[in-house]
Amino acid sequence: YAGSVIRTHSNTANVFTVNGNMPCEFRNLRIDANIYVSYDRTSGSAIYVAGTPNRKTIVSDCIIYGHPTGLTFNDVAEFLIFNTNVENFVNYGILIKSASAPDSGGGQIIKCLISGPTSGENYGIIWNSGGGFFISNTSIIKSQYGILLNITDGNTVNIAIRNNTIENQHGASITMFRASGSYTVGNIQIQDNEFGIYGDATTAITCSTAG
């Protein structure tokens, strides 16, 4: 896959920005940071989608390499990320939130590779809000945290993390955290995953709250 190559020379800009609520699809692309600027990029995503909320966003058969954030779904209630590699990101592999519809729609990440840095504060997948959220048959390698579930925008239910490989994090493989407030997530299922604990990682799954 990744038949068309798109390369950015900007240190800050998103490569693709979608603002609106209509469905959008990205398929069969390689989206690179230029080899000479990839480590100097300070902000920006390969793909940035925002709405109130946006629905039915699809990213499939793509390779995304060298960006501060691979995919940013900022107020996206329904999405599918399939058969896509997000590699060598700086801060976030995939960032997901749906502030205007925190218990609506649903999102899936299926058959992907999320591979991050070996040091620093970074996250393979960070989820803040949305309807049902499902990760399956995906490899999440390196980063400080493989998956961070940090509810910020409203109560919701149904998160399933199944049949994944989550390994070589230097913090924790899965962290469930509430920074503030009293929002809750019901019915979290973590099943049939492989955890590899290496380096200075202390645990596979952590749960904590500061609120």
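The values are calculated or read from the model by the stated rules, or taken from the named source; none is laboratory data. Quick caveat, the model's predicted, so the values are computed rather than measured. Here the Cβ is made from the backbone with ideal geometry for all residues, glycine too, and neighbour counts use every protein chain on show. What goes into the accessible areas is simple: the full protein's heavy atoms, side chains included, and nothing from ligands, DNA or RNA. Shrake-Rupley method; radii C 1.70, N 1.55, O 1.52, S 1.80 Å.
For this structure, a couple of remarks:
- Scanning the range 47-71 for residues that are under 19 Å from Ser98 (Cα atoms) and open to solvent by less than 10 Å² (accessible area, probe 1.4 Å) yields Ile47, Val49, Asn54, Thr57, Val59, Gly70, Leu71.
- Considering the range 83-96, the residues that are open to solvent by 10 Å² or more (accessible area, probe 1.4 Å) and in a loop (DSSP other than H, G, I, E, B) include one that is farthest from His9 (Cα to Cα), namely Asn83.
- Qualifying residue in the range 16-30 (condition: open to solvent by less than 10 Å² (accessible area, probe 1.4 Å), in contact with a Lys or Arg (Cβ under 8 Å, 6 or more places away or on another chain) and at negative phi): no
- Checking Ser100 against (1) within 19 Å of Val5 (Cα to Cα); (2) in a loop (DSSP other than H, G, I, E, B), the condition it does not meet: (1)
- Options Ser136, Ser115: the member that is over 12 Å from the mean Cα position of the chain (by Cα) and of a type outside the set (A, V, I, L, M): Ser136
- Here the strands (runs of 3 or more DSSP E) wholly within the range 127-211 that include at least 2 residues being out of contact with any helix residue (DSSP H, G or I) (no Cβ under 6 Å at 6 or more places or on another chain) and modelled with pLDDT of 90 or more are 132-136, 139-141, 145-150, 156-162, 165-169, 172-178, 185-191, 194-197.
- Leading residue by the ranking (nearest to Asn150 (Cα to Cα)) among those in the range 165-188 that are of a type in the set (S, T, N, Q) and in contact with a Phe, Trp or Tyr (Cβ under 9 Å, 6 or more places away or on another chain): Thr175
- Scanning the range 75-87 for residues that are farther than 13 Å from Gly124 by Cα, at pLDDT 95 or above and not β-branched (Val, Ile, Thr) gives Phe79, Leu80, Phe82, Asn83.
- Beta carbons closer than 8 Å, at least 6 apart along the sequence or on distinct chains, never pair a first residue in the range 7-20 that is of a type in the set (Phe, Trp, Tyr) with a second that is open to solvent by 40 Å² or more (accessible area, probe 1.4 Å) and in a loop (DSSP other than H, G, I, E, B).
- Listed conditions (1) in contact with a Lys or Arg (Cβ under 7 Å, 6 or more places away or on another chain); (2) assigned to a loop (DSSP other than H, G, I, E, B) are all met by Gly120, apart from (1).
- Flag if Gly120 is out of contact with any Phe, Trp or Tyr (no Cβ under 8 Å at 6 or more places or on another chain), at positive phi and crowded, with 21+ Cβ neighbours inside 10 Å: no
- Taken over the range 103-117, the residue count meeting the criterion of being part of a strand (DSSP E or B) and surrounded by 22 or more Cβ atoms within 10 Å (Cβ to Cβ) is 3.
- Every residue from the range 139-159 that is over 13 Å from Ile94 (Cα atoms), open to solvent by less than 30 Å² (accessible area, probe 1.4 Å) and of a type in the set (Ser, Thr, Tyr): Thr156
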